[in-house]
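Notes for the one structure printed next.
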Amino acid sequence: MLLAQLADVSARVAATSSRTAKRDLLAGALAQAPADELAIAVSYLSGTLRQRRTNVGWASLRTPVPPAEAATLTLTEVDARLETVAAQAGAGSAARRTELVTDLLGRATEAEQHLLRGLLFGEIRQGALDSLVQDALAAAFGVPLPVVRRAAMLLGFTSAAAEVLVAGGQQALAQVRLRVGQPVRPMLAASSPDVDGALSKAGVPVLVDAKLDGIRVQVHRSGDDVLVFTRSLDDITPRVPEIVAAVRALPLRDVVLDGEAIGLDGAGRPLPFQVTASRAATAVPGEPGAPPADSTPTGSAGFDAGGVRGSARRPVPLSLFCFDLLHLDGEDLLDRPLSERARTMSDRLPAELLVPRMLAASAQDVSNFFADTLSRGFEGVVVKKLGAPYAAGRRDSGWIKLKPRHTFDLAVTAAEWGYGRRTGYLSNLHLAARDPVTGGLVMLGKTFKGLTDQMLAWQTEEIQARSSRRTRSVVYADPPLVAEIACDGLQVSTRYPGGVALRFAR
């Protein structure tokens, strides 16, 4: 299958706002994909690469590459080239990656280049989220959508479910089961602006968990073997030896736990998110992309003889707080109600490994726990239905997160031209605040979220009218506009000159 076919479908999907039309376009493309390229097509139409990370940065591809006149690239060729790119390591690897990707872009048409750049940098904004591609996969092969969703959850990726489907049909897909050591796609929470809004969806009584601003982890143990995965299903086992030790010490044989790893100070208050996140962000010696170290043993993929692949000393110890139980000693618990899973956790896990939580019978109970949780330095709470099973996919009323909302009036100093459905509009806004010392404007971040079509059209006109200078992709505004921006808070940042950055600005 030619990459050009997916580039065309992606552009057409981005150009329509109808979910049904998007699904039908995607289903048509998936139905045409050869069996050995279906998984690649599913990944690309979901906006992701099968390699997930290639370590190719924007700066290395800043210079435009003349596009090819005719489409010749197949999905298999592109996937193989990106596999080679991702495998580059050691001295000179950055230059080799740039050379390999530049050559690939030179063989791509303009539309294919647009798709490739979006995939490389995680910037596909066609409105085709993974859940929509699951809808399309079910439609293309005449399979019930719940069967596709469950298999994708248990296998971790929709592309993996596609491989099972094309090899064995609906029966094989329905037979997929949770396997200890194979990460499961995590359940996610919807959002609510206030307690009343959350309870209108979840009802009462509800279980309310403290929301910890750490690393989402899924811990798999089989005997003495332990693996730790992040929310994005990356294996970080060598980087978190204290988490491994805590779970290995439990009087259990097999277990799969969902929780949060977080750094705490001496008073038990959470350390800044970046401090905790740094433990998952840096490869230790022996991992792909890490510098070699003769003194550090490495293991093969999966469990090694010791159950941990490599080890590392880290300056910030992490604490594990578990909030869900997916499997215990040979028994899957995914379909059990949360109330039962929570009771089993309380019975089988020590209190220090459990997330702070309470059973709330009223809105006042939730509000009191929310206030207490914030006073302890945590991020907010998650309101959870007692009868909810564990299910990945769309965010629904099973879990609902509540966080304080901060708003600031900030200067919009520039905006970037959009693409996909936002082609022709100035979309991504550059946000700045006044420096009280110098009086100048200091950039704090960007956002493209929360913008309606009407707002996009209005700001495109207004910012161009205020244009002070332009580049190929950015229009700078002087005087700037001022907008009310909501965010979840501020964090320390070395990326922006003020030393701080907005978190989840919209």
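Any chance you could check the Cα centroid distance between the range 177-195 and the range 76-122 for me, in angstrom?
Computed from Cα coordinates, the inter-centre distance equals 32 Å.
Checking the a/c ratio against 1.5 first, then a/b against b/c, what shape does the Cα gyration tensor give for the range 405-450? Provide the component values of the computation, followed by the final result.
Working: a/c = 4.22, a/b = 1.99, b/c = 2.12.
Judged from the Cα gyration tensor, the range 405-450 comes out oblate (a/c at least 1.5, b/c at or above a/b).
Excluding same-chain residues fewer than 8 positions from Lys401, which aspartates and glutamates have a Cα within less than 17 Å of its Cα?
Lys401 reaches Asp194, Asp196, Asp209, Asp213, Asp258, Glu260, Asp324, Asp365, Asp372, Glu379, Asp488.
Where the only charges are on Cβ atoms (+1 Lys, Arg; -1 Asp, Glu), what is the dipole of the chain about its Cα centre, to the nearest 20 debye?
That gives a dipole near 580 debye.
Using Cα pairs closer than 8 Å and at least 6 residues apart in sequence, work out the relative contact order for the chain, in percent.
Working: 960 pairs, mean separation 66.4, N = 506.
This gives 13 percent for the chain.
Sort Trp417, Trp399, Trp458 from largest to smallest accessible area, using a 1.4 Å probe on the heavy atoms of the protein chains.
I get Trp458, Trp417, Trp399, largest accessible area first.
Order 317-324, 479-486 from most to least packed using the mean count of other Cβ atoms within 10 Å.
Numbers: 317-324: 20.9, 479-486: 14.5.
Packing proxy ranking, top to bottom: 317-324, 479-486.
Provide, as a two-decimal number, the C-alpha radius of gyration of the range 453-492 over 2.2 N^0.38 Å, N being how many residues it has.
In units of the globular-protein estimate, the range 453-492 measures up at 1.43.
With a cut-off of 8 Å between alpha carbons and a minimum separation of six or more residues, what is the relative contact order of the range 354-452 in percent? Present the calculation step by step, with values, prior to reporting the outcome.
Working: 104 pairs, mean separation 14.3, N = 99.
Computed value for the range 354-452: 14 percent relative contact order.
Name the lysines eligible as straight-distance cross-link partners of Lys403: C-alpha to C-alpha under 19 Å, and not fewer than 8 places from it in the same chain.
Lys201, Lys211, Lys384, Lys385, Lys449
Counting DSSP beta bridges with both partners in the chain, what percentage is antiparallel, nearest 5?
Antiparallel bridges make up about 95 percent of those DSSP assigns within the chain.
Lysines near Lys446 by alpha-carbon distance under 20 Å, same-chain residues fewer than 8 away left out - which ones?
Excluding near neighbours in sequence, the set is empty.
For Cα extents along the principal axes in Å, the listed values are [x] 63, 59, 53; [y] 96, 59, 53; [z] 84, 56, 49; which was obtained by calculation from the structure presented?
[x]
The values are calculated or read from the model by the stated rules, or taken from the named source; none is laboratory data. Computed from a prediction, not measured in an experiment: that's the story for all the values here. Here the Cβ is made from the backbone with ideal geometry for all residues, glycine too, and neighbour counts use every protein chain on show. Surface areas here come from the heavy atoms of the whole protein model, side chains and all, with no ligands, DNA or RNA. Shrake-Rupley method; radii C 1.70, N 1.55, O 1.52, S 1.80 Å.
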